[in-house]
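This structure is in structure tokens; I'll ask about it shortly.
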Amino acid sequence: MLLNITTTHKPATDLGYLLHKHPDKFQTFDLSVGKAHIFYPEKSEERTTISLLLDIDPIDMVRSARNLGGEGFALGHYVNDRSYVASSFMSVALSKVFPSAMNGRCKDRPELVDVKLPLEVSIASISAPKGGEALIRKFFEPLGYKVGLTRFTLDKKFPEWGDSKYFSLKLTHTITTKELLSHLYVLIPALDNDKHYFVSEDEIEKLLQKGEGWLKDHPAREQIISRYLINLHSLSRRAIERLSEGDEIGITEDELVEKSETEKSETERRRETLHDKRLRIVANKLVESGAERVLDLGCGEGKLIRLLLKEKQFAEIVGMDVSYNILLKAKEKLHFDEMSPRQKERINLFQGSLTYRDKRLEGFDAAAVVEVIEHLDLDRLTAFERVLFEFAGPRTILLTTPNKEFNVMWEKLGGEVMRHGDHRFEWTRKEFADWANNMGGMYNYSVEILPIGDEEENMGAPSQMAIFRYGN
Ligand code: SAH
């Protein structure tokens, strides 16, 4: 992973003083997860470039994974993009390699600190989360950067696979080095969806310190803060409060949630109330089933778990999800850390994938699989079916999925597009019923299908649920 900083300030070699790195030296710094190398690929009075080559060692990363404070996704530690893209590790490297420059100190040439230099930054590869190019621009442009983005294709040999989520990024601005480094320090991890750090109060301090003088007035500040703090709303809220101490900004938590979800489409937001309804129906059906030990598969942020905790009947509630970040979020939203030991004992959250057989899922009374199946690739569906019906095999299974016929009702979708960017397929009522009945026949479950939400003529309800009961 390469980050270059170039200046055409006269003399351009001043960059060496400012960043405290001698242009003739190749220097290496140890990080907890690899090394950062510093060198100058070009140095002249007209134009000087310093390179930061971040060499992340995946093995070190596996070792330091315990810092995450939980059992991680084993394979994910080895198979990931961390060595190749600008990620939260870049912030660590910047602060380790350029500590004085970041704090606005320059021993030999203090007068340079406040000089705005023509600077150009190029980042070989940065991954854009859902907001894509627009999000990168939204973060950098208001600070005055000229943003150049080139998107990589997934594989040049297979152009039909389309674009990847990776871009090379070029930023140009006339600015002090301290400002530049603090912008990069905050904004690179804010774009990174797989941050390596464990977010705690300390992160608020770092964010406020590095954001001093610019974050407060940034039009996307709520989103930057929220993304930097892995969307943990209580921390984000505190950070925003601290940032605006003395100011009258009066932002409510709901507004914040709303703002941090600007990447969600309008239809997604309208669906929230439908989703609450769906979860209530699922929770009621689980109570009715008499289950005591229940699974919430693809539990997401734990909204269903929150409802289930209210029912004493459920002695053990297991939430599994493939996304580690979302589990962290679930823990935060459920206020897990503040729960009594007895309450904590009822819950078990772990990472796992529904397309691999998993012994931890065996022996439960019931399982809920709410709005998850449509996120699975169709060619992994058989694996999922076996994991759920054959190996986990709970007595009751409640599974919900959108009804595709209803999509014409969401204006912007026009009946064509799916409701969510990550949906791999959506089923009509008949497709869903055929699939469910087929499963029932194969694995000896009776099947009942219910609509969720208000039904419209000819298209049914927005969502649909199948209840599978073993052996009757
Ligand atoms: N059931 C939750 C979340 C639905 S969103 C709710 O109703 O609020 C779909 C969830 O499925 C996401 O959290 C996603 O991370 C998870 N998911 C996707 N593929 C998965 C897989 N193979 N195994 C487990 N979870 C998966």
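Bear in mind these aren't lab numbers, they're just calculated from the coordinates by the rules spelled out. Remember, predicted model here, so these are calculated numbers, not experimental data. Ideal geometry is used to build each Cβ from the backbone, glycine not excepted, and the neighbour counts take in all protein chains shown.
Lys and Arg at +1, Asp and Glu at -1: add these up for the other residues within a Cβ distance under 10 Å of Leu149 and post the number.
So the surrounding residues net to +2.
Turning to a different aspect of this structure: Which of the residue pairs Lys43/Lys96; Lys285/Lys312; Lys285/Lys404 have a Cα-Cα distance greater than 19 Å in the structure shown? The partial results should precede the final answer.
Numbers: Lys43/Lys96 23 Å; Lys285/Lys312 15 Å; Lys285/Lys404 23 Å.
Beyond 19 Å between Cα atoms: Lys43/Lys96; Lys285/Lys404.
Counting other Cβ atoms within 10 Å, which trypsin sites (Lys or Arg not before Pro) in the stretch 353-404 have at most 15 and lie in a DSSP loop? Mind showing how you got there, number by number?
Numbers: sites: Arg357, Lys359, Arg360, Arg380, Arg386, Arg395, Lys404; in loops: Arg357, Arg395.
Passing both the DSSP loop test and the Cβ count: Arg357.
Measure off 7 Å from each Cα along the Cα-to-Cβ vector at Glu42 and Thr273, then give the distance between these two points in nanometres to one decimal.
In this crude spin-label approximation the distance works out to 5.9 nm.
Fewest to most neighbouring Cβ within 10 Å: what's the order for Ser226, Ser164?
Least crowded to most crowded, the residues run Ser164, Ser226.
With a Förster radius of 30 Å, plug the Cβ-Cβ distance of Lys312 and Phe391 into 1/(1 + (r/R0)^6) and report the FRET value to the nearest 0.05. Each step should come with its number before you reach the end.
Numbers: r = 29 Å, r/R0 = 0.97.
Calculated transfer efficiency: 0.55.
Shifting gears a bit: If each of Asp155 and Lys359 carries a label point 7 Å out from its Cα toward its Cβ, how far apart are those two points in nm?
The two pseudo-label positions are separated by 3.5 nm.
Going highest first, how would you order 285-296, 178-189, 327-338, 441-452 by mean Cβ packing within 10 Å? Each step should come with its number before you reach the end.
Values: 285-296: 19.5, 178-189: 23.4, 327-338: 16.9, 441-452: 15.1.
Result, highest mean first: 178-189, 285-296, 327-338, 441-452.
Here's another thing I want to ask about it. Peptides 11-20, 149-158, 102-111, 214-223: what's the order by average Cβ count within 10 Å, highest mean first?
Peptide ranking by packing, descending: 11-20, 214-223, 102-111, 149-158.
In addition: Quick one: which of Lys25/Lys210; Lys165/Lys331; Lys277/Lys333; Lys156/Lys329; Lys216/Lys331; Lys310/Lys333 span more than 26 angstrom between C-alpha atoms?
Cα-Cα > 26 Å for Lys25/Lys210; Lys165/Lys331; Lys156/Lys329; Lys216/Lys331; rest within.
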